[in-house]
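Notes follow once the structure below has been shown.
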Amino acid sequence: MASTFSSSFIYLIFLVHLSASSAKHTYSAPYHHRHHNRSPFPNPKLHQAYIALQAWKRVIYSDPYNFTSNWVGPEVCKYSGVYCAPPPYDKKIKVVAGIDLNGADIAGFIPDELGLLSDLALIHLNSNRFCGILPQTLANLSLLFELDLSNNRFVGPFPYVVLSLPSLNFLDLRYNEFEGPLPPQLFSKNLDAVFVNNNRFSNVIPSNFVGSSASVVVVANNKLGGCLPPSISKFADTLEELLLSNTSLSGCLPPEVGYLYKLKVLDMSNNDLVGPIPYSLAGLAHLEQLNLAHNMMSGIIPMGVCVLPNLANFTFSYNFFCEEEGICQNLTANGIAFDDRRNCLPKKPIQRSEKECEAALEHPVDCFHYHCAAAGSGSGSGSGSTSIPPAMMPATSPLLSPSMPPGYV
């Protein structure tokens, strides 16, 4: 991942320089009497921003790089990590439109006063030590387009306040300590990217998706359980990356996954999935990476998957597959990186014992009659194999390059 500002922040910086050369403050107090004191703030919005940022500074308990040392005085647009730009409704003034404290290693919490920054389009707090719960006053941020709280120490149930933000397009809550169920509304909200991996979310994957605009959904490394529902097909028109590894999923992989025709990355590894690979996956013409490792799947590796035109990496190790169709027996010849260890594949090295394979073949799974297990009942370990520990969270921007906030263009 590139450790650079998002394109939207670069644009905000450009606006700051542009407005510095020609800005005329329309909120300056009129001069009626010589003894009147002129306000140090060009407009009321920046006064509110000063109140909010000073309140935030008071609840910062550790700032090892002195990132907020210049958060002093009324010129809030000069504070480190604070970016100002004209708002959509008045191009003649400047407001605080973005906050970027990525990688500052700051410890503290988010005060209620942050809700005073009602013109914020971007909040990036990746890789700090912020803790506690999110204040309900964030509901005032009606223009908020990107919210990145990843790699912090936030706790409590899923922060429902984010679901009330009408302009939110990019949500990153990964690598925190949120817990409890994921609300079904999360997957029906008009979001382009949803990152909630590496938390403590539990209960089950919502059983009835009603449609989503998301291109990336990452839920990996949570304790969810249940089965992937057939309604996953409601994501078909937008979804490009689906990562559900190590979420205690059980049951069969539904054939509706093959309807996700834009999919490029599918990672279902380290779960308790059973049954065969659906033949419908042969329709995923854009698929580049497929990871089914560390499950309890069985049957054959279908040739339709092995000949996908863009497939570059196919991992299906630590399952009970017993046959590879056609070119699947020699994926290297097709330029595909693969891992087929610890299956039941004849004449292939590093496979399961004959005893293990016989037991699996004696109890084939009929996916048409398979009933989904209860939440959390699966081990998430793929038949006794050890789950892969979550990777260290890099102090960088998310996978996507977030889009430009509407109205600030």
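Does Val194 qualify as being buried (at least 16 other Cβ atoms within 10 Å of the Cβ), part of a strand (DSSP E or B), at pLDDT 95 or above and β-branched (Val, Ile, Thr)?
Numbers: buried (at least 16 other Cβ atoms within 10 Å of the Cβ): yes; part of a strand (DSSP E or B): yes; at pLDDT 95 or above: yes; β-branched (Val, Ile, Thr): yes.
Yes, satisfied.
The set of residues in the range 153-183 that are more than 14 Å from the chain's Cα centre (by Cα) and closer than 22 Å to Ala55 by Cα comprises Arg153, Phe154, Val155, Pro159, Val161. So for the range 68-75 (the condition being acidic (Asp, Glu) and open to solvent by less than 50 Å² (accessible area, probe 1.4 Å)), does at least one residue qualify? No, because not a single residue in the range 68-75 is acidic (Asp, Glu) and open to solvent by less than 50 Å² (accessible area, probe 1.4 Å).
Restricted to the range 163-181, and to residues that are over 21 Å from Thr238 (Cα atoms) and touching a strand residue (DSSP E or B) at 6+ places or on another chain (Cβ under 6 Å), which residue is surrounded by the most Cβ atoms within 10 Å (Cβ to Cβ)? That would be Arg174.
Taking strands (runs of 3 or more DSSP E) as the structural unit, those lying wholly within the range 99-159 and holding at least 3 residues that are buried (at least 19 other Cβ atoms within 10 Å of the Cβ) and touching a residue at least 12 places away in the same chain (Cβ under 8 Å) correspond to 122-124, 146-148.
Here is the figure for the range 243-256: residues that are hydrophobic (A, V, I, L, M, F, W, C) and surrounded by 23 or more Cβ atoms within 10 Å (Cβ to Cβ) total 3.
Residues in the range 200-226 that are surrounded by fewer than 22 Cβ atoms within 10 Å (Cβ to Cβ), polar (S, T, N, Q) and at positive phi: Asn203 alone. Scanning the range 205-215 for residues that are of a type in the set (Val, Ile, Thr) and either under 18 Å from the mean Cα position of the chain (by Cα) or not in a loop (DSSP other than H, G, I, E, B) (or both) yields a single hit, Ile205. Within the range 160-189, being over 21 Å from Ala214 (Cα atoms) and either in contact with a helix residue (DSSP H, G or I) (Cβ under 9 Å, 6 or more places away or on another chain) or in a loop (DSSP other than H, G, I, E, B) (or both) holds for one residue alone: Asn176. Count of the range 329-339 residues, restricted to those that are open to solvent by less than 20 Å² (accessible area, probe 1.4 Å) and at positive phi, is 0. For the range 340-363, the set of residues classified as outside any helix (DSSP H, G or I) and buried (at least 16 other Cβ atoms within 10 Å of the Cβ) consists of Asp340, Arg341, Arg342, Asn343, Cys344, Leu345, Gln351, Arg352, listed by residue number.
Cβ-Cβ contacts under 6 Å between residues 6 or more apart (or on different chains), taken from a first residue in the range 213-235 that is aliphatic (A, V, I, L, M) to a second residue that is in a strand (DSSP E or B), are listed as Ala214/Val194; Val216/Ala193; Val216/Glu241; Val217/Val194; Val217/Leu242; Val218/Phe195; Val218/Leu243; Ala220/Leu243. Residue count for the range 314-328 under the criterion of being hydrophobic (A, V, I, L, M, F, W, C) and either touching a Phe, Trp or Tyr at 6+ places or on another chain (Cβ under 7 Å) or under 10 Å from Asp340 (Cβ atoms) (or both): the result is 4. Could you tell me whether any residue of the range 42-57 is modelled with pLDDT of 95 or more, under 27 Å from the mean Cα position of the chain (by Cα), surrounded by 14 or more Cβ atoms within 10 Å (Cβ to Cβ) and part of a loop (DSSP other than H, G, I, E, B)? Scanning the range 42-57 turns up no residue that is modelled with pLDDT of 95 or more, under 27 Å from the mean Cα position of the chain (by Cα), surrounded by 14 or more Cβ atoms within 10 Å (Cβ to Cβ) and part of a loop (DSSP other than H, G, I, E, B).
Checking each residue in the range 329-339 for being out of contact with any helix residue (DSSP H, G or I) (no Cβ under 9 Å at 6 or more places or on another chain) and part of a loop (DSSP other than H, G, I, E, B) picks out only Gly335.
The values are calculated or read from the model by the stated rules, or taken from the named source; none is laboratory data. As the structure is a computational prediction, the values presented were derived from the model and not from experiment. Cβ coordinates were reconstructed from backbone atoms using ideal geometry, including for glycine residues, and neighbour counts include every protein chain displayed. All accessible areas refer to the heavy atoms of the entire protein, side chains included, with ligands and DNA or RNA removed. Shrake-Rupley method; radii C 1.70, N 1.55, O 1.52, S 1.80 Å.
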